[in-house]
Amino acid sequence: MAMFGKVLIANRGEIALRVHRACREMGIRTVAVHSTADADAMHVRLADEAICIGPASATDSYLNIPAIISAAEIAQADAIHPGYGFLSENARFAEIVEQHKIVWIGPDPEHIRKMGDKIEAKRTAAMLGLPLVPGSDGPITSTEEAIKVADAIGYPVLVKAASGGGGRGMKVIHDAASLPGLVQQAKSEAKAAFGDDTVYIEKYLSEPRHIEFQVFGDGKGGAVHLGERDCSLQRRHQKVLEEAPSPALNADQRAEMGEIVRQAVAKLKYRGAGTMEFLYEDGKFYFIEMNTRLQVEHPVTEAVTGLDLVREQIRIAAGLPLSVTQDQIRFEGHAIECRINAEDPLTFAPSPGRVTDFHAPGGLHVRVDSALYDGYRIPPYYDSLIAKLIVYGANRNDALMRLRRALEEFVIHGPKTTIPLQQAIIEAPDFIDGNYSIKWLERWLASRA
Ligand code: ADP
């Protein structure tokens with residue numbers, strides 16, 4: 001198949017820009033779609049064509065399937081890249097795109113659907129030979145059953161929403177007495193957030209790390225893994241800083257687990273980019289979910305492998321084979337990404353508004369993915385992520401020194417940002433030692449309060 005002539009980018013912010021950049025380097029023209037609030041956005045300015053698809057509210061614009069399909073038809077786009085968030089994991093959207101004879105730059109809609117239901121995802125993972133967190137065998141249908149399961153696996157347990165995402169609809173349960181109330185709460189939260197009150201129960205691991213493997217499949221049984229990312233630095237189950245490789249794994253452990261994951265992806269005949277997320281405790285991996293899209297933190301993998309993950313996604317969607325075999329993939333050096341949000345660094349209250357001064361750090365091995373510019377007005381309607389700072393070094397210490405320098409150089413005036421928070425985190429001795437679990441950041445934040 002010939003490479004695409006034109007790709008529509010169904011997203012906004014830094015990731016729209018990221019996709020645009022990959023397209024331009026491949027000689028592909030881009031179509032930006034945007035809400036009225038984003039008329040001045042950087043991705044709109046840089047794209048070859050721009051089409052307004054609705055008002056500020058995401059429901060009416062970035063989630064507006066008929067408007068996006070119409071834009072693709074009018075612009076005669078060959079393919080759609082969904083970025084992350086918004087419609088990227090909407091199987092129905094992927095199907096509609098394909099029905100309109102537009103190429104979906106993503107996995108088979110069936111795989112999106114399967115992995116979008118976490119219960120179904122765990123079943124599939126088990127079938128593919130991946131280790132799971134012990135828990136209920138499917139949805140919880142009654143309080144009696146929930147108590148029985150919790151007794152069998154032992155407290156504390158975690159009740160999770162089958163349709164969950166972004167850490168919502170999760171409750172930790174410490175004893176049988178509080179179980180009925182908390183399961184009910186989780187169900188109503190899940191119903192409100194996802195329109196689905198299906199929940200399941202899992203053993204609550206006490207001090208795990210969050211370690212995820214980046215994978216690519218060709219859709220025909222060929223697959224590679226691109227190593228892991230450690231995303232244990234989290235606040236309210238949201239990632240704050242990510243690094244590759246994980247300070248907790250050595251090359252043998254990486255190769256061993258990577259191969260298990262690679263085989264699972266091959267067996268699934270998965271197509272495109274995906275991430276297998278695991279919790280890691282006492283030397284053991286436990287599958288929690290698979291994300292069927294590009295991740296926010298993909299640049300750290302790009303830094304240590306030298307591969308362009310968006311280019312790889314586009315190539316696969318165009319029917320080309322994987323550009324590398326597993327043997328050709330080398331992991332070199334160390335990369336760290338800081339997520340910079342337009343938020344108060346102490347209270348985390350959103351801080352949108354006009355950027356009066358913007359200066360991105362530069363120099364050797366420093367990358368900034370951001371759609372900000374001087375005078376840009378950050379709209380209050382969307383995610384607060386405004387920039388990602390990614391640094392690379394020959395080893396972790398080198399990367400840390402560079403990160404310290406780059407954060408110092410970063411100027412974003414106007415809105416409050418989480419730059420001071422990131423600066424404080426990287427001075428914490430536990431972080432410097434790589435000695436942190438998914439619980440660490442919240443404990444550390446509480447100790448500073
Ligand atoms: P979501 O899709 O909402 O992000 P995940 O299943 O990916 O949900 O879990 C998000 C985070 O919640 C994990 O990175 C981890 O910090 C925590 N978590 C999930 N499952 C468990 C568990 N069984 N024990 C302890 N923490 C968990």
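Rule-based calculations on the coordinates, nothing more; no lab input. Note that the structure is a prediction, hence the values are computed from the model and not measured. Cβ placement follows ideal geometry from the backbone for every residue including glycine, while neighbour counts extend to all protein chains displayed.
Here are a few things to note about the model shown:
- Reducing region 189-208 and region 1-79 to their Cα centroids gives an inter-centroid distance of 33 Å.
- Between region 375-449 and region 81-99, the Cα center-to-center distance that results, in Å: 31
- Filter on LYS160/LYS284; LYS114/LYS160; LYS239/LYS269 - keep pairs with C-alpha separation over 25 Å: LYS239/LYS269
- Dipole moment magnitude, nearest 20 debye, region 1-154 about Cα centre, only Lys, Arg, Asp, Glu C-beta charged: 360
- Rounded, prolate or oblate (a/c below 1.5 giving rounded, otherwise prolate when a/b exceeds b/c) for region 101-147 by Cα gyration tensor: oblate
- Near TYR376, the amide H atoms lying under 5 Å from its own belong to VAL355; only residues 5 or more places off or on other chains count, and H is placed 1.01 Å from N.
- Three-way shape call for region 339-449 based on the alpha-carbon gyration tensor, with the a/c threshold at 1.5: oblate
- Here the sum of -39500 (n - 2.57) over DSSP H runs of 4 or more residues, divided by the residues of the chain, equals -10000 deg cm²/dmol at 222 nm, to the nearest 500.
- Gain in span if fully extended, SER142 to GLN185, counting 0.36 nm per residue against the direct Cα distance: 14.1 nm
- For the pair region 105-119 and region 266-297, the centres of their Cα atoms are 13 angstrom apart.
- Interchain or long-range residues, amide H under 5 Å from GLY219's placed H: TYR270, ARG271, GLY272
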